[in-house]
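Each value in this text was obtained by applying a stated rule to the coordinates, not by laboratory testing. Everything quoted here is computed from the prediction, not taken from an experiment. Neighbour counts are summed over all protein chains in view; Cβ atoms, including those assigned to glycine, are modelled from backbone coordinates with ideal geometry.
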Amino acid sequence: MAAMAQYRNIVILTGAGVSAESGIDTFRSEGGLWEQHRVEDVATPEAFARDPDLVLRFYDMRRAAIQTKQPNAAHHALARLDSTWPGNLLIVTQNVDDLHERAGARRVHHMHGEHLTAWCTACDRRPRWTGPLIERPPCPLCGASALRPDVVWFGEMPYGMDRIHAALREADLFVSIGTSGAVYPAAGFVRSARELGAATLELNLERSRGSSWFVETRLGPATELVPEWVEEVLGC
Ligand SMILES: [Zn+2]
């Protein structure tokens, strides 16, 4: 991977593999189960309509859990890159935790939403939210009891696709870190990036389904590969 001078605009896609070493698991790591729940029972609009208490309790648990976790060396390295990189940079994350931000990253886009905001379906705003939702608390902005997890469920449109595609069009380097390559539309970003002429690099624990689209793949834990790569890119 070449030094700083070669690249100007970078898009970084991060997935579960970046947060896994902070102790945050996902349903993908456990054969379709997420803490003993099937995806279709907790992570779809239909599940929420059918059994809102189950879904709210599940996300209340996840929201509480992530607040006990800490960013790891991969988050810290990306935050360092973000704070020093002079060109455009966008960290597009599939993760709904706030570990990129807690490490200090600023140019972060949560395409699948965030645990630490709630979405008010009455006023369509997203207040910061750290506590439980199970008791149907009122929205702090409009007073309606219409808050739901601000997480993009299966069957819903990821957030900010226009912003992501605009960043991909300008990117000369696309890096995918710790993603399974199984969830679209994120799995298609590498293909878009290549077609638009960007260099492509994958950092992952094991080869992803989309590996063949990357010009270069490096295999290993994110906490090792990401700091190494950031050093290379910053040329120090
Ligand atoms: Zn509201």
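Seen from every direction in turn and averaged, the convex hull around the alpha carbons of segment 67-109 projects onto 2.8 nm².
Report the Cα centroid-to-centroid distance between segment 64-97 and segment 205-236 in angstrom, as an integer. Using only Cα atoms to place each centre, the spacing works out to 15 Å. Relative contact order of the chain: 25 percent, from C-alpha pairs under 8 Å at least 6 residues apart in sequence.
Note on segment 50-132: Rg/Rh from Cα positions, Kirkwood definition for Rh, rounded to two decimals, is 1.04. Count Lys and Arg as plus one, Asp and Glu as minus one, and take only other residues whose Cβ is under 14 Å from that of ARG207; the net charge is then -1. What the phi angles of segment 111-120 give under the Karplus curve with 6.51, -1.76 and 1.60, with θ = phi - 60°, is a coupling list of 5, 10, x, 9, 5, 9, 10, 10, 9, 8 Hz, glycine and proline written as x. Shown for segment 82-236 is the translational diffusion coefficient from the Stokes-Einstein equation, using the Kirkwood radius over Cα pairs, a temperature of 4 °C and a viscosity of 1.567 mPa s: 75 µm²/s.
An ellipsoid equivalent to segment 1-154, defined through the eigenvalues of its Cα gyration tensor, has semi-axes of 31, 18, 13 Å when rounded to whole angstrom and sorted largest first. Considering only LEU225, GLN94, PRO138, the residue lying farthest towards the positive end of the dipole of the chain is PRO138, judged by Cα position with unit charges set on Cβ. Rounded to the nearest 500, the 222 nm mean residue ellipticity of the chain from helices alone is -9000 deg cm²/dmol, with -39,500 (n - 2.57) taken per DSSP H run of at least 4 residues.
Here the chain carries DSSP beta bridges of which approximately 25% are antiparallel, counting only pairs with both residues inside.
Each Lys and Arg Cβ is given +1 and each Asp and Glu Cβ -1; about its Cα centre, the chain then shows a dipole of about 420 debye. Taking all Cα-Cα distances within segment 106-161, those exceeding 14 Å account for 53%.
Less than 5 angstrom separates the built amide H of LEU13 from those of VAL92, VAL175, SER176, ILE177, all sequence-distant by 5 or more or on a different chain. Look at the Cα gyration tensor of segment 197-236: its axes a ≥ b ≥ c give a/c of at least 1.5 with a/b at or below b/c, and that counts as oblate. Axis angle, to the nearest 10 degrees, between helix 161-170 and the longest C-alpha principal axis of the chain: 10 degrees. Any chance you could give the angle, 0 to 90 degrees and rounded to 10, that helix 222-234 forms with the longest Cα principal axis of the chain? Its long axis makes an angle of about 50 degrees.
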